[in-house]
Amino acid sequence: MRIGVFVCHCGRNIAGIVDVKTVVDEIAKLKDVVFCTDYIYLCSEPGQKTIQEKIKELNLTHIIVAACSPSLHGITFSRAVEAAGVNPYLFEMVNIREQCSWVHSHNPELATKKAISLIKASLAKLRYSQPLTPIKVPLIQKVLVIGGGIAGIRVALDIAQAGFEVCLVEKSPSLGGRMAQLSETFPTLDCSSCILTPLMVEVARHKKIHLFTYAEVKKVEGIIGNFKVTIEKKPRYVIPEKCTGCGDCVDVCPVVVPNEFDQGLGARKAIYVPFPQAVPLVYTIDFENCLNTEKLIICEQCFKICGPKAIDFLMRPEEIQIEVGAIVVATGYELLPLEALKEYGAGEYEDVITSLDFERLISASGPTGGILRRPSDGRIPKSVVFIQCAGSRSPEQGRPYCSKICCMYTAKHALIYKHLVPDGEVYVFYIDIRAAGKRYEEFVQRVMGDGVLYLRGKVSKVFRHNEKMVVLGVDTLSGKTVEVETDLVVLAPAIIPSKGAQELAKMLKIPVDEFGFFSEIHPKLRPVETTSPGIYLAGAAQSPKDISETVAQASAAASKVLSLLSQKEATLEPIVAYVDKEICKGCGLCRRVCPFKAITIVREDKKRYAKVEPAICQGCGCCMAICEENAINVAGFTYQQLSAQVRALLEDKYEVSKKTAEFRKI
Amino acid sequence: MKMNIGYFPGCTLKATALNFEKSALEVAKILGFQLEELSQWHCCGTVPSLSQDDLLKQISPVRNLIYAQSLGYNKIVTLCSMCYNTLAQSNLFVKENKEKLRKINQFMSEMPDYDGGVEVKHFLSFLKEQITLEKIRESVKTSLSGIKIACYYGCLLLRPKIIGIDDSEQPKILEELMQVLGAEPVYFPYKTECCGAYHTVIKPDIVARRVYRILENAKENKAQIVITSCPLCHFNLTKRQEEIKKIYPDFKGIPVVYFTEIMLQALGENFKCV
Ligand SMILES: Cc1cc2nc3c(=O)[nH]c(=O)nc-3n(C[C@H](O)[C@H](O)[C@H](O)COP(=O)(O)OP(=O)(O)OC[C@H]3O[C@@H](n4cnc5c(N)ncnc54)[C@H](O)[C@@H]3O)c2cc1C
Ligand code: SF4
Ligand code: SF4
């Protein structure tokens, strides 16, 4: 055993507190340590090279790097070590930055002592380490994308264009997501559907993309490379293959209900397409509102008129099983419901609307044909008050985060309003303007120069006074309270995860943050991967994002998927549990606690014992903790390794009792 | 039905708000229950308990809760909005902080320990939940039909949210109550605007200006009477009308009464509050 230890300065981050020279001196004295040195930035190219050269020069067999957090650079160093010919599982990383210099910045002596003790402990562990080889599993060359907004569309196209098959599942009747609802988009003001609809059509036409609209993922089993997915196709009551999209049925349908695509501001029939450019252009009967029930058919107007006989009132939900190698989650966002924003009179007054309502009201394809009319009386509002951060940046609402896109779309709304009603007055209440993006600040400056009055301050109350809405607020720049009479109030509600995101997260066994957005592994280093291998994130499902960011991230997720699919097999961490058949009594305790159901009890030669499926095992160690016989161990973190490590840590603190000393010899 | 309910009056109801207490006790009797004044009580603890990290300030309210507990009540009713706010907040505070409760109990070693078992209710929610609006509607003798009423909440019944008896932004419990009495609650967006509270002591003109806007809003919406449940609001809304006249000479007054007074007018016989 020839151990090399490398201690990093991290500039002044570590060396400013920890006395690295002392650390090196102390460690160099230890048994089997052939070489010990310090270096200013080990993660740098020359730093890594030093490690590699020393490995070759001194024939080192085991390596310790004492530096920052392994979640930051664990992979960097294990790759470097591997490239120099040392098995990466014979490498240990010790965190002497977060755990020493940062937490004990006021006590350099303690920080130094602790650094030494931590390195000693990992050395003790390393003595019992074994070289491990990654596990290979076959990889199905097909991908599931959940959510058909711009994020899901981009991911699907990128992957399909690279030649792999994609199943795209969208729960609403059409592709497009929120972006389909938007009028023009900041900062370029290009028409949203002009950039979106060609992509939607491309998805529908693409030979490699299997599109499931009006469908939901019901069950997900398996692991990276081999997920078994159950998709439920909701009944449209219209046979897609027969429907020509002529729309004859719509004219005769007697049922009129609010159109959700128009935010309830316009109407649709019980048989409908959400919007004229919908993809696929197949009609759907919403059976909640249709006069018919499963048992009783009262109205058959659409059935009678439909030329190709596409209508089938007896259609049933249909389940489809698919197998895929990877999954991308792109389920998008929603706006905080109005009921949560009562201080702004939301839900109370018709003329207090959300930003998405406003998008529909200014959209040429919207319910008013692009003429801005306020909901209460249809008049063209001569003034508008926009209220930003409605629910966002508000710890008391439980939403301390910034929703990120509202500053920009409010500026856009103000500008479009000025175009529609040039003599109209616009007020924007804001906390700060956050316009960090390419050409974003310039855009806001342009709007501010366009006769839009920006008021820095919060609104306390909104109420009706005769025909007008009154907004009470404060202008924190002048320190005065302000009262604005206006025709229309537009809120920028907080962005929240889409409905059902929690359940989906459970199904996929991926974590969400405290607000319900899906969590990535590391925001900086692995921003599109989840803790479940083979499952990736794209778009506003992860956090509030505008379109550019969404698209960029979607392409990033696609490229991660492609680099996975470029191999025939998926490589899995070998840090999995294994059973010592000799000791195992087959009691099954481990099987019960395994959260991933990786363990079965098998019978062989009249003996029962536990068997681990390495492709499913996540190396969590629950089994190892519960086994009374110490028959099951996680590779790389065996009982032997961990107790050696703990003992080494305690050694400096307490005198090792005789008994423990005895035990050590085992 | 005979129901005896522990009742915590608080100081103001024994001084400036005598008619509040009198009418409430009467209303209870008509509705078939009795508000039994706790045989022992003292200051509710009032404003200071709002600063939650100061344990000493929880002692007054908790001590009152101990009285209630020792007398065998698991629920007490208050009338004054401030008493409700103080006691309810304190109660919640000790229920959620077992360690702090232990310290408070230790401090009052001469008293039995408080176990967190008393529920603090405001008369309004008690009426709605326990007595039910239906029962009140049935008990109406003189319908108030045609009377337009502005329901003023102030802040203490509604904030902070955790002890608010209704939605803090758009409450409607008073309106619902007025409706079952036959009265017509008016649209009143100023119902939760601040009355100016303690500014009345040193800056009465601030209060006058605020109250002016509140009352004007009520009148503009055709209210004939304003009702409230807070003695301080009541004071500001009535007594400061004189100041208002000095600032706004055109101002014409409007009667402001406790909600229990208006209830008594509907439920009782020949009771005239205005
Ligand atoms: C008022 C307003 C104006 C805006 N204006 C602009 C602008 O001008 N410029 C700009 O860059 N950005 C703008 N945005 C932001 C833009 O809407 C988002 O960046 C974009 O829509 C995010 O796309 P997405 O695909 O991640 O999410 P979404 O558009 O929300 O798409 C998600 C899709 O997933 C589907 N889905 C959800 N759950 C499931 C499930 N369980 N199974 C299957 N499918 C599911 C949904 O039905 C939806 O189709 C604006 C936002 C708002 C609110
Ligand atoms: S390896 Fe870690 S500690 Fe060292 S320089 Fe890089 S970031 Fe800093
Ligand atoms: S059957 Fe349903 S969808 Fe068809 S026309 Fe009648 S109500 Fe409309």
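The values are calculated or read from the model by the stated rules, or taken from the named source; none is laboratory data. Values in this document were obtained by computation on a predicted structure and should not be read as measured data. For neighbour counting, all protein chains shown are included, and Cβ atoms are generated from backbone atoms with ideal geometry for every residue, glycine included. When the accessible area is computed, the model is the full protein with side chains, heavy atoms only, and any ligands, DNA or RNA have been set aside. Shrake-Rupley method; radii C 1.70, N 1.55, O 1.52, S 1.80 Å.
Values as computed for the structure displayed
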item	result
Candidates A:LYS114, A:LYS56, A:LYS120, filtered to the one that is crowded, with 16+ Cβ neighbours inside 10 Å, away from ligand 1 (no atom under 16 Å from the Cβ) and either more than 20 Å from A:GLY636 (Cβ to Cβ) or of a type in the set (Ser, Thr, Tyr) (or both)	A:LYS114
Pairs, first away from ligand 1 (no atom under 16 Å from the Cβ) in segment A:66-85, second part of a helix (DSSP H, G or I) and of a type in the set (Phe, Trp, Tyr), C-beta under 9 Å, six or more apart	A:ALA67/A:PHE77; A:PRO70/A:PHE77; A:SER78/A:TYR89
Residue in segment B:100-110 that is under 25 Å from B:LEU13 (Cβ atoms) and in a helix (DSSP H, G or I) present	no
Cross-chain or 6+ apart pairs with Cβ under 7 Å, segment A:344-372 first and closer than 16 Å to A:THR486 by Cα, then hydroxyl-bearing (Ser, Thr, Tyr) and at pLDDT 95 or above	A:GLU350/A:SER376; A:ASP351/A:SER376; A:VAL352/A:TYR344; A:LEU372/A:TYR417
Which numbered condition B:LEU181 misses (of (1) open to solvent by less than 10 Å² (accessible area, probe 1.4 Å); (2) touching a strand residue (DSSP E or B) at 6+ places or on another chain (Cβ under 6 Å); (3) more than 14 Å from every other protein chain (Cβ to nearest Cβ))	(2)
Helices (runs of 4 or more DSSP H) fully within segment B:191-251 counting 3 or more residues that are more than 14 Å from chain A (Cβ to nearest Cβ) and within 20 Å of B:LEU156 (Cα to Cα)	B:199-202, B:204-220, B:231-239
Considering residues of segment A:245-264 that are within 16 Å of ligand 1 (Cβ to nearest atom) and in a loop (DSSP other than H, G, I, E, B) only, the residue least open to solvent (accessible area, probe 1.4 Å)	A:GLY264
Qualifying residue in segment A:425-442 (condition: closer than 26 Å to A:LYS480 by Cα, part of a strand (DSSP E or B), touching a residue at least 60 places away in the same chain (Cβ under 8 Å) and open to solvent by 10 Å² or more (accessible area, probe 1.4 Å))	yes
Residue within segment A:452-467 that is within 14 Å of chain B (Cβ to nearest Cβ), free of Cβ contacts under 8 Å to residues at least 12 places away in the same chain and under 25 Å from B:ASN217 (Cα atoms) present	yes
So A:ILE63, is it away from ligand 1 (no atom under 16 Å from the Cβ), open to solvent by less than 20 Å² (accessible area, probe 1.4 Å) and touching a Gly at 6+ places or on another chain (Cβ under 9 Å)	yes
Test: residue in segment A:166-180 that is within 16 Å of ligand 3 (Cβ to nearest atom), within 17 Å of A:PRO280 (Cα to Cα) and not aromatic (Phe, Trp, Tyr)	yes
Unique residue being within 31 Å of the chain's Cα centre (by Cα) and within 16 Å of ligand 3 (Cβ to nearest atom) when the list is A:THR284, A:THR331, A:THR354	A:THR284
Which listed residue is under 14 Å from A:ALA556 (Cβ atoms), open to solvent by 10 Å² or more (accessible area, probe 1.4 Å) and out of contact with any strand residue (DSSP E or B) (no Cβ under 6 Å at 6 or more places or on another chain), from A:LYS524, A:LYS506	A:LYS524
Qualifying residue in segment A:195-202 (condition: over 20 Å from A:SER555 (Cβ atoms) and touching a residue at least 12 places away in the same chain (Cβ under 8 Å))	no
Unmet criterion (only one of (1) farther than 29 Å from A:SER519 by Cβ; (2) away from ligand 1 (no atom under 16 Å from the Cβ); (3) in contact with a strand residue (DSSP E or B) (Cβ under 7 Å, 6 or more places away or on another chain); (4) not charged (D, E, K, R)) for A:ILE298	(3)
Qualifying position, being modelled with pLDDT under 95 and either surrounded by 19 or more Cβ atoms within 10 Å (Cβ to Cβ) or more than 24 Å from B:LEU264 (Cβ to Cβ) (or both), among B:LYS103, B:LYS121	B:LYS103
Segment B:153-178, subset hydrophobic (A, V, I, L, M, F, W, C) and in contact with a strand residue (DSSP E or B) (Cβ under 7 Å, 6 or more places away or on another chain), residue farthest from B:THR238 (Cα to Cα)	B:ILE165
Flag if A:ARG399 is more than 16 Å from ligand 3 (Cβ to nearest atom), open to solvent by 70 Å² or more (accessible area, probe 1.4 Å), of a type in the set (Lys, Arg) and under 23 Å from A:GLN263 (Cβ atoms)	no
Residue in segment A:482-503 that is surrounded by the most Cβ atoms within 10 Å (Cβ to Cβ), counting only those that are of a type outside the set (Gly, Ala, Ser) and touching a Leu at 6+ places or on another chain (Cβ under 7 Å)	A:LEU491
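Conditions (1) open to solvent by 20 Å² or more (accessible area, probe 1.4 Å); (2) more than 16 Å from ligand 1 (Cβ to nearest atom); (3) within 19 Å of A:LEU314 (Cβ to Cβ), marked per residue:
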site: A:LYS233; (1), (2), (3): yes, no, yes
site: A:ARG236; (1), (2), (3): no, no, yes
site: A:ILE239; (1), (2), (3): yes, yes, yes
site: A:CYS243; (1), (2), (3): yes, yes, yes
site: A:GLY266; (1), (2), (3): no, yes, no
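For every residue, the table says whether it meets (1) over 17 Å from A:LEU265 (Cα atoms); (2) more than 14 Å from every other protein chain (Cβ to nearest Cβ); (3) among the polar types (S, T, N, Q).
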position: A:THR331; (1), (2), (3): yes, yes, yes
position: A:LEU335; (1), (2), (3): no, yes, no
position: A:ALA340; (1), (2), (3): yes, no, no
position: A:TYR349; (1), (2), (3): no, no, no
position: A:THR354; (1), (2), (3): no, yes, yes
position: A:ASP357; (1), (2), (3): no, yes, no
position: A:ALA364; (1), (2), (3): no, yes, no
position: A:PRO367; (1), (2), (3): no, yes, no
